[in-house]
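Note sheet for the following structure.
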Amino acid sequence: MGPAEIPPQALAFMTAFRARWEAIGEDTAQLNEFLKDHLDDLNKELLTALPLIFRIWTTAKSLHQLNQVVAVFGDFGNTVWKFPLGDRALNLELSISTYKAILQIYPRAVFPQDWAITQNNLASSYLYRIRGDRAENIERAISSYKAALEIKNKDDFPGDWAQIQNNLGSAYLYRIAGTRAENIEQAISAYEATLKIKKRKSFPEEWAQIQNNLGNAYVDRIQGKRADNIEQAILSYEAALEIRVREIFPMQWAMTQVNLGTAYDSRLYGVQEENQEKALLAYESALQVYSQEAFPWEWANLQNNLGAAYKTRIRGRREENISRAVIAYEAALQVYSPESFPEQWANTQGNLISALLERSEFTGKIIDLDKAISDLGIAGKIASQGTESYANVYYTLGAIFEYRYRLHQDSSALLQASAAYKEAATATPWADRKLTYRAKAGDSLYQLGVALTQDGQWYEGLAQLEASLDTYRQAENRLGRADALQQIARTHYLMGNFDKARMYFRDALRLYQAEANPPGEAACRAGLGRLLLRLNFVDDAIAELNQACDQYRTLGDDTHLANVQDTYELAQKLAQKLAQET
């Protein structure tokens with residue numbers, strides 16, 4: 001694209017922005033109003049044209065003129081980065097393009113201070129970037145923050161150093177690469193280092209911002225006791241709110257209210273019902289500032305949080321709470337579109353379908369499951385692979401297939417559920433969730449195996465049980481493995497494969513003992529006792545059945561005790577008869 005090929009509207013817009021900037025300077029409020037009045041000009045054409053406009057305006061210019069153009073573009077990048085209206089994803093791309101252009105003419109060796117400031121700004125745009133690979137964007141952010149810190153060191157620029165450290169802490173908090181627990185610890189260290197410079201008395205606004213960020217880190221913290229971490233997060237948010245009062249800092253107040261709500265929603269100490277009500281109060285308070293018109297992205301995120309809070313609410317009528325959750329999720333989807341917010345759209349779509357399914361189970365009304373599955377399939381195609389949103393879609397899809405099985409006893413639904421859970425396990429970036437999702441896949445295969453064997457399809461059932469055993473191994477779920485082994489043993493028993501049945505019962509028993517699972521151990525000993533009795537190992541059978549009876553007595557399980565007791569008494573009579581015959 002040459003100078004003559006620059007879209008006239010894009011050039012006219014930037015020319016008008018420059019004129020407005022020259023008239024008012026760095027007045028953020030007025031620059032925001034300018035963007036609001038020219039919302040349609042923030043488009044793909046402008047994104048393509050920005051680098052060329054910058055090049056034309058900076059070619060063969062004096063240092064003064066050059067600095068003026070850089071200032072115009074820098075303020076445009078800063079303003080559009082924070083601009084709450086329009087296409088949020090596009091706004092971030094515009095800011096990235098602007099900062100990259102500035103770095104081309106502000107080399108580190110010649111303009112180290114300006115270079116460092118621009119690196120910091122570029123990093124922040126990458127940190128919140130919607131397009132592209134999320135993990136890669138965060139790594140770029142970390143790299144740029146670290147580059148800025150090479151210039152803005154603690155000794156020479158303590159204030160700037162502290163602000164960039166704060167930003168770097170947020171990048172580590174959201175980081176996907178590396179070990180999650182270690183990343184969060186680095187975030188906490190960065191925030192705490194910043195607080196040594198940004199004292200409350202001297203820098204109250206910055207201090208409150210860091211307290212808010214520190215609260216975010218403690219909410220997500222893996223190391224330490226979970227309950228204590230949440231308490232620390234609440235203390236940090238409440239400290240931030242001592243400065244961030246609504247009348248003076250409405251946007252910051254609303255942000256921290258949302259975070260405080262999230263902390264109360266996760267709180268382990270106190271009464272759960274009261275914690276939930278405090279979370280809802282915080283969310284609804286934030287809505288006083290975050291309106292759909294003024295802050296569409298924040299409003300949608302808040303609606304998503306409200307949906308989650310109502311979905312798990314204890315107080316009030318369950319059906320009414322679920323209906324409120326549905327309304328909140330549907331509201332969020334008014335802002336989240338597949339084009340502008342693909343991951344958020346997919347995640348919220350999954351949450352909505354989950355709420356609809358729960359409402360259907362609660363009310364007894366059957367919704368169109370195939371439509372729900374179809375919607376999730378679309379969501380899965382739109383969400384980026386390898387993201388938590390993508391994993392959430394497939395996890396929910398697995399739950400829907402399980403629900404369809406419960407309604408219609410369609411065994412193929414369990415196979416589809418297992419496949420969906422496995423896809424979720426592959427997609428999620430978090431190691432602990434990989435294990436959880438694989439375990440759910442194993443559960444579906446286990447259910448299918450049990451259903452098939454109960455239907456007399458022994459070979460087909462055995463194949464699914466063995467598949468579940470392999471899946472449980474991948475999930476490192478020893479209790480699931482024990483259940484699968486015991487069911488395989490029972491199936492071999494029914495098929496007359498007594499040696500294999502005995503081997504699998506023994507393997508299952510060892511795992512139940514290792515997991516200290518008395519119900520599983522009792523059931524396994526009862527099954528093994530019946531098998532040994534069938535093989536005429538009467539004394540061994542009596543020993544296993546006796547232990548099973550003792551365990552059922554301890555558990556207070558009278559139903560199973562009565563069944564095993566009958567077999568035990570039969571074995572005793574047989575032993576007496578054999579003794580008399582000899």
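The values are calculated or read from the model by the stated rules, or taken from the named source; none is laboratory data. This structure is a prediction, so every number in the text was calculated from the model and none was measured. Positions of Cβ are generated from backbone atoms using ideal geometry, with glycine treated the same way; all protein chains shown enter the neighbour counts.
Laid out as a table, the results:
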item	result
Some residue of region 158-180 being of a type in the set (A, V, I, L, M), over 25 Å from Glu242 (Cβ atoms), in a helix (DSSP H, G or I) and out of contact with any Leu (no Cβ under 8 Å at 6 or more places or on another chain)	no
Check on Asn213, buried (at least 20 other Cβ atoms within 10 Å of the Cβ), of a type outside the set (A, V, I, L, M) and more than 17 Å from Ala279 (Cβ to Cβ)	yes
Residue, surrounded by the most Cβ atoms within 10 Å (Cβ to Cβ), within region 14-59, restricted to residues that are among the β-branched types (Val, Ile, Thr) and part of a helix (DSSP H, G or I)	Ile53
Looking only at region 323-349, and only at residues there that are of a type in the set (Gly, Ala, Ser) and crowded, with 23+ Cβ neighbours inside 10 Å, the one that is nearest to the chain's Cα centre (by Cα)	Ala346
Test for Ala562: is it over 49 Å from the mean Cα position of the chain (by Cα), part of a helix (DSSP H, G or I) and surrounded by fewer than 18 Cβ atoms within 10 Å (Cβ to Cβ)	no
Candidates Gly380, Gly398, Gly386 - the one that is in contact with an Asp or Glu (Cβ under 9 Å, 6 or more places away or on another chain), outside any helix (DSSP H, G or I) and touching a residue at least 12 places away in the same chain (Cβ under 8 Å)	Gly386
Residue in region 355-366 that is of a type in the set (A, V, I, L, M, F, W, C), in contact with a helix residue (DSSP H, G or I) (Cβ under 8 Å, 6 or more places away or on another chain), in a loop (DSSP other than H, G, I, E, B) and at pLDDT below 80 present	yes
Every residue from region 91-137 that is under 23 Å from the mean Cα position of the chain (by Cα) and either acidic (Asp, Glu) or over 30 Å from Asp41 (Cβ atoms) (or both)	Asp133, Ala135, Glu136
Count of residues meeting criterion [surrounded by fewer than 24 Cβ atoms within 10 Å (Cβ to Cβ), in contact with a Ser or Thr (Cβ under 8 Å, 6 or more places away or on another chain) and closer than 15 Å to Leu469 by Cα] in region 402-436	2
Segments classed as helices (runs of 4 or more DSSP H), wholly inside region 65-157, with at least 2 members that are on the phi < 0 side of the Ramachandran plot and in contact (Cβ under 8 Å) with a residue 60 or more places away in the chain	88-105, 134-151
